[in-house]
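The values are calculated or read from the model by the stated rules, or taken from the named source; none is laboratory data. Quick caveat, the model's predicted, so the values are computed rather than measured. Note: ideal-geometry Cβ built from the backbone for every residue, glycine included; neighbour counts use all protein chains shown.
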Amino acid sequence: MSTFQIDFSSVQRRRIIGIDLGTTNSLAAFMDLTGPEIIPGPDGSRMVPSIVSLAADGSFVVGEAARRLLIDAPERTVYSVKRLMGRGREDVAEELKLFPFRIAEGSEQVIRLALGDRTFTPPEISAQILKELKRRAEQYLGEEITQAVITVPAYFNDAQRQATRDAGRIAGLEVLRLVNEPTAASLAYGLDKRKEGIVAVYDLGGGTFDISILRLHEGIFEVLATNGDTHLGGDDIDNRLLAIALEDIASEWGEDLSHNGEAVQTIRQAVIRAKEELSFQPATVIDIEYHGRRYQRELKRELFENLIRDIVDRTLGPCRQAMRDAGLEPEQIDEVVLVGGSTRIPMVRRAVEALFKAKPHAELNPDEVVALGAAVQAAILSGDVQDKLLLDVTPLSLGIETMGGVVSKLIHRNSTIPASATEVFTTSVDGQRNVLIHVVQGERELVKDCRSLARFDLKDIEPMPAGMARIEVRFLIDANGILNVTARDLRSGKEQSVEVKPSYGLTEEQVEAMIRESYEKAEEDLRERQVREARVEADNILAAVEKARMSDAWLELTEEERAAVDAAINELQVVYHSNDHHLIRDRIEKLDAATRRLAENLMNTAVRQALKGTKIE
Amino acid sequence: MAHLHDCWHCGAKDAASLFCRYCNTIQAPTPDYYEFFDLPRRLGLDSEDLKNRFYTLSRLLHPDRYTRRSEQEKRFSLEASSILNDAYRVLKDPIQRAEYVLRQEGFPVGDQRNKDVPPELLEEVFELNMALDELRGGDLEALPQLDAMRRRFVGMLGEIDRELEAMFARHDAAPEDARRQILAEIRAALNRRRYISNLVQEVDKQLAARNA
């Protein structure tokens, strides 16, 4: 593990945590004095399963507790929601065949998932996971956490990144930076200790695959190329095994269980167990008990590998493309780092080793390394770590639609970010007031083969003859990989107003509404907590007074004093069940005042006894 | 060379670009790539030196270093970093670098309308189009000929690159008033280069389509 330079003058500043918001599991980490550390939950667990369930009372159950509900309340519970972030309904048609997502009506621009009788967008569900991590961090670190670095797959497009940032905002976190997962992992590995060299990071997670190639130079982590597939991961392996098990069970039991949510989840958890065991032993048994019936099937590693070979192979094309883009041959790669739970599969390791001709690093827990790296990036942002700097790239080319539906590329993929491009637009009709710019992301020549990102409407253009207007538009991809567009009228030099219409995802107004709602909820939560805390305090003082009444000290009080204490006890008990914590605290203070003499007497008794004790000795 | 302006932060009159020389606060960045890197306007650049300057400036300007600064400083950092990255991308590549200088000197570059065949290539282009037509018609006998032509074009590219290098050196050594003439020559060489490079791409595309 690398050592980190810590600037002690900054200890007082607000802490920024690092978050790995994963498809399967999510983690939070912080920068301790000796290096990045995972923030454990109250039960000591290091990961929060990315599962969210809506309880009957409208509150959310998140993490391990929600896993049970996948089986008990599948219609109110959702997992792998990251697969839906920043996507449109038609994008996820394939996923819907394999995942029990229930998409609500009216999900054209933003998908809405039904949980029970309510609907939520993917950012709102992800926000629940983030809130759970935020709570854990606040409890563990004993301070309010409002700022975070969140990781995203390197190959996430603009809409997916925006959706992640929206989730953070809804959870009450200011997302100071989105960091690409493989890049974060390279930070955690402290590979810069070797100062110079080329590193490939192979990241096969639950739902996404990334490959990034970096050059290390005196603490600078410069990404040369990145590639990937945002729909390729351990989930695909699980689904493959699940489909086979369902088929097998259908023929054995004569019953098709594939539309039975409870059965599917039971079988899913069993095949995941089998998959995980096969990483450490040559054979395992898929063992399922379902309502008194039992299904058992031996699975050898050899057969397992044949079943998943094409999935593993699908990761190799992006690796080769990334090397081509970086202008490198496999022999020039000095180190390979494995990230993501799926890299525990021996076949994946063999494939990586064969491709890069280097033994991959796997010293750090592949489930934790991304979160640890996010914490390092958080420390870079806070200024606590000053000897490191990440220079990342944009994974996809950015272009605008031109005549005939052809894309004109403005910023090429693998350009170091922040990156920008400037174009001058004009009008084609006399007196035209608006110009609409359609921005797309992707590598293909035609708009229809690229991903529509947004339409930018240049509004209120000064009316003039066609072709006379000159509006300079600046496209800027920031350090989060998110596009910002500004425009200027070159004739007047004035700022030109631009209205953004995202093709997928939430509008600014929608996000703000969600933040407001979440804020109101937070106030409710806070009130409830304060009431509970006040009651705990009341319990404590009532118990203490009750005990004191049994002592000699009580007898030393006057009649009036004793009556006053009894009255104060009574007063407190009357308001104990109210929802007004101010009232409860007020009565606690009154009881406290009424028992002051009693406390003094108790103290004196204790002192006397203590003194007696010393004399004896 | 460096353009002077008033520092927005301390008001000094000659703040210099990127950082104020008095209060060291980040300034509105210059959009000029050479000025940004504090380099003389030369076409021949030492790539190692350029890389070191890029890393040094990245450390000073990257938005990660401005998270806890004022909104104005954050804006300047984002702006400056994007220009730095754009400039590095352009300046490290000799062709893009030359095109940048040409554009700055008012020469039209990379004009899509400029589709005329350079006269000295007329014969080759005619031959190439014949061979491509044959290939499209399914005549595989054109393959060896296409391969030979591709090699010839790639050879020409290498030759142009050597010529360009010599022209760059001449440009950099020439007095200010003689430079325009050399830039015109460079522009002609670049146009020829782009034309040939497009031909190679076309052959590759056809061959790839053939193999697919």
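Worth pointing out:
- Residue within segment A:454-468 that is without any contact (Cβ under 8 Å) to a residue 60 or more places away in the chain, surrounded by fewer than 19 Cβ atoms within 10 Å (Cβ to Cβ), within 14 Å of another protein chain (Cβ to nearest Cβ) and not in a strand (DSSP E or B) present: no
- Those residues of segment A:214-232 which are crowded, with 24+ Cβ neighbours inside 10 Å and within 20 Å of residue A:331 (Cα to Cα), in sequence order: A:214, A:223, A:226, A:227
- Residue list for segment B:20-37, restricted to those being buried (at least 17 other Cβ atoms within 10 Å of the Cβ) and hydrophobic (A, V, I, L, M, F, W, C): B:20, B:26, B:36, B:37
- Search result, residues across segment A:117-162 that are in contact with a Ser or Thr (Cβ under 9 Å, 6 or more places away or on another chain) and of a type in the set (Gly, Ala, Ser): A:126, A:127, A:154, A:159
- Of all residues making up segment A:398-421, the number that are among the hydrophobic types (A, V, I, L, M, F, W, C) and either more than 10 Å from every other protein chain (Cβ to nearest Cβ) or over 33 Å from the mean Cα position of the chain (by Cα) (or both): 6
- Restricting A:429, A:424, A:435, A:447 to those that are touching a Lys or Arg at 6+ places or on another chain (Cβ under 8 Å) and either farther than 19 Å from residue B:78 by Cα or surrounded by 20 or more Cβ atoms within 10 Å (Cβ to Cβ) (or both) reduces the list to A:424.
- Counting residues in segment B:11-19 that are within 14 Å of chain A (Cβ to nearest Cβ), more than 21 Å from residue A:388 (Cα to Cα) and free of Cβ contacts under 8 Å to residues at least 40 places away in the same chain gives zero.
- Among the candidates B:89, B:53, residue that is surrounded by 15 or more Cβ atoms within 10 Å (Cβ to Cβ), more than 23 Å from residue A:148 (Cα to Cα), more than 15 Å from the chain's Cα centre (by Cα) and free of Cβ contacts under 8 Å to residues at least 60 places away in the same chain: B:53
- Qualifying positions in segment B:55-78 - closer than 17 Å to residue B:31 by Cβ and more than 8 Å from every other protein chain (Cβ to nearest Cβ): B:57, B:61, B:75, B:76, B:77
- Any chance residue A:166 is away from chain B (no Cβ under 14 Å), under 30 Å from residue A:516 (Cα atoms) and either part of a helix (DSSP H, G or I) or modelled with pLDDT of 90 or more (or both): yes
- The requirement of being free of Cβ contacts under 8 Å to residues at least 60 places away in the same chain and of a type in the set (A, V, I, L, M, F, W, C) is fulfilled nowhere in segment B:99-106; no residue meets it.
- Unique residue being at pLDDT 95 or above, away from chain A (no Cβ under 14 Å) and more than 22 Å from residue A:417 (Cβ to Cβ) when the list is B:38, B:49: B:49
- Selection status of residue A:129, part of a helix (DSSP H, G or I) and in contact (Cβ under 8 Å) with a residue 12 or more places away in the chain: yes
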